[in-house]
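Asker: The structure follows.
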RNA sequence: GGGGUCUUAGCUCAAUUGGUUAGAGCGCCGGCCUGUCACGCCGGAGGUUGCGGGUUCAAGUCCCGUAGAUCCCGCCA
């Protein structure tokens, strides 16, 4: 046995016991005679003392050790003198008297400091190049352990509700809609390709047709799109599908799931059921389909206030069927004019003529280019509706609701960040329900907002014939702190209705057959009513860990361009490998010096 | 595909208006030190200022290009 204890478990309970510890040298403090070594492993840090009076040989070896050497130390556990207890260490009451020290491995000097304060300031690029060293930091290990705890809690909870985890293929069929696929050439049939799954969408529906009733999976998914701080080319979803349910049943299951995950991550259990609002309400009140409910500043409709206004700009918009809305950015009256200019530019890109505002100055007067056009009644109505006080900045938008809401939603978030009013330790969940079934492309074509298997809201089915653009879907997102955690829907289980859906989406008969033939066929063999959801597991872990980027909760993440800096992947391959899979390269020309 | 920011010692950063031999802290190496825990003290090594070109008597600093990183927009049913 190389060790009897870990570096995190010894305490005054072990006084006098002879122990053997293994770990990495965190720091060495050499006092000329006596030497202290902080020995570190995943479990903690234990101080080892080597004294030439106890063992000259051990002290000599201790003297030769350096940071990140791997050593084994044998010795007795001893209480520290009362005034030398280290309260910052879990093992700070004791120390191990090193009487036998063995160097198990030496180490080159690390390319960046591994202690927490300094490492967190080092360029991430450098840390990712040597991720195996970065992983030695307790904070990184905590992230991975948290992720593990979450995964365990998901599996336990889902199992307790009779869900079965089923693995679905990684080598699958390319589906051109949605994200770009990662392709895998097929050696056996030249010219054909597998695709890596963007999500196990069709498989999980087919599992329902197969009578599995309740399925889940911690599923790896792959999307070949440009990345963001919260996006990786490969990621993990908690994928869920259930038979014989309506949306209500699903909310219940996921509410409980999220509550267990919160608990397993050391956070308070949220009150259930989690709040809900319709997509329409979210857009009207928060200007976003993923509202951040950690603060107020809701969008206020001022159509009533300005119904008979003399202010021509507002009057014209109202007459044209547009809306006047505003938000009150509490305490932001002092923002530099430069900021308002920037927001005015943003307003123009959102289809607005400009951005009207009121800054409420110290003396209570309103500084604004438009207030002079308002009547006394309008001013008083404004003050009441928006709760306008000294120090406030009120921002107005007047245009179509379709443009105004997202624009003010954006300002609401930016302003709140500027004002620093978003509580850091709050967890505000909400369901956003009744998403539109379709969205319109620039060309006026309808495309699925969620995916083409999404069921329309029963009472909106007649709209499919008359005004399909207005149809709402039984589709929902679960949102936490303004982040979309997951998205799902009740599916269409009737092949005739599914066929109609493809018609509305103008999917040709050939496409229908080649891409979705298997699904349509399966639906025709007694598909049960079913629905599900997929939650972004990495994103959830990030929020639970309170980290900054999704890379904090992934052991071996890829950088912004999808490159694994440690493995140096992707890379070129041998001509023979290409030949085997019938691939010929057609590379863009390289500029010569 | 587009935009912002960044690149100086192993790491984090500094270097006035373009002006002497490019500095500091940490780390590293050596020496001293028997109760430290950010140990302390003394000494030392370490630089193609990302790369290429240009302007200038003179470029880390200004200009052009390029590479890499990072954040955002587009994209992500």
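Asker: Would you mind computing the Rg to Rh ratio of region A:334-402 from its alpha-carbon coordinates, Kirkwood style for Rh?
Answerer: Rounded to two decimals, Rg over Rh is 0.97.
Asker: Going by how many other beta carbons lie within 10 Å of each one, how would you line up A:68, A:225, fewest first?
Answerer: A:225, A:68
Asker: On to the next question. In angstroms, what radius of gyration and Dmax does chain A have, counting Cα atoms only?
Answerer: 30.4, 94
Asker: If you build the Cα gyration tensor of region A:41-159 and take the root of 5 times each eigenvalue, what three semi-axes come out, in whole angstrom, biggest first?
Answerer: For region A:41-159, the semi-axes come out at 32, 21, 14 Å.
Asker: What does the helix-only formula give at 222 nm for chain A: each DSSP H stretch with n ≥ 4 adding -39500 (n - 2.57), the total divided by the residues, and the result rounded to the nearest 500 deg cm²/dmol?
Answerer: Mean residue ellipticity at 222 nm (helix-derived): -9000 deg cm²/dmol.
Asker: Can you give the FRET efficiency for residue A:224 and residue A:549, using 1/(1 + (r/R0)^6), R0 = 25 Å, r = Cβ-Cβ distance, to the nearest 0.05?
Answerer: 0.80
Asker: Rounded to a whole number of µm²/s, how large is the Stokes-Einstein D of region A:179-255 at 4 °C and 1.567 mPa s, given Rh as the Kirkwood radius over C-alpha pairs?
Answerer: Once the numbers are plugged in, D ends up at 88 µm²/s.
Asker: Still on this structure, I have one more. Which number do you get for Rg(Cα) / (2.2 N^0.38 Å) in region A:536-576?
Answerer: Region A:536-576 yields a ratio of 1.53.
Asker: Using C-alpha positions alone, give me the convex hull volume of region A:214-297 per residue in cubic angstrom.
Answerer: Normalising the Cα hull of region A:214-297 by residue number yields 166 Å³.
Asker: For residue A:11 and residue A:578 in one chain, what is 0.36 nm times their gap in residues minus the Cα-Cα distance, to one decimal in nm?
Answerer: 198.2 nm
Asker: Sort A:196, A:89, A:535, A:587 so the one with the fewest other Cβ atoms within 10 Å of its own Cβ comes first.
Answerer: If I rank by nearby Cβ atoms, fewest first, I get A:587, A:89, A:196, A:535.
Asker: So, one more: So how compact is region A:60-116: Cα radius of gyration and Dmax in angstrom?
Answerer: Taking only Cα atoms of region A:60-116, I get Rg and Dmax of 13.8, 38 Å.
Asker: Turning to a different aspect of this structure: Once you have a ≥ b ≥ c as the square roots of the Cα gyration tensor eigenvalues for region A:136-221, tell me rounded if a/c is under 1.5, and otherwise prolate or oblate according to whether a/b is larger than b/c.
Answerer: Verdict is oblate for region A:136-221.
Asker: Give, in nm to one decimal, the length gained when the segment between residue A:125 and residue A:307 is fully stretched (0.36 nm per residue of separation minus the Cα-Cα distance).
Answerer: Roughly 59.9 nm would be gained on extension.
Asker: Same structure, new question: Going by C-beta contacts inside 10 Å, put A:53, A:159, A:494, A:38 in order with the fewest on the left.
Answerer: A:53, A:159, A:494, A:38
Asker: Continuing with the same structure: Percent antiparallel among DSSP beta bridges with both residues in chain A, to the nearest 5?
Answerer: Within chain A, antiparallel bridges account for around 95 percent of the total.
Asker: Can you give me the distance in nm between label points at residue A:559 and residue A:160, each placed 7 Å from the Cα along the Cα-to-Cβ direction?
Answerer: According to this spin-label approximation, the distance is 4.4 nm.
Asker: Another question, if that's okay. Calculate, for residue A:319 and residue A:483, the FRET efficiency according to 1/(1 + (r/R0)^6) with r their C-beta to C-beta distance and R0 41 Å; round to the nearest 0.05.
Answerer: 0.60
Asker: Work out the FRET efficiency for residue A:439 and residue A:90 from their Cβ-Cβ distance, taking R0 = 45 Å, and round it to the nearest 0.05.
Answerer: Computed FRET efficiency for residue A:439 and residue A:90 comes out at 0.25.
Only the coordinates and a few stated rules stand behind these numbers; no lab work does. Quick caveat: nothing in here was measured; it's all calculated off a predicted structure. Glycine also receives a Cβ, built like all others from the backbone with ideal geometry; neighbour counts cover every protein chain displayed.
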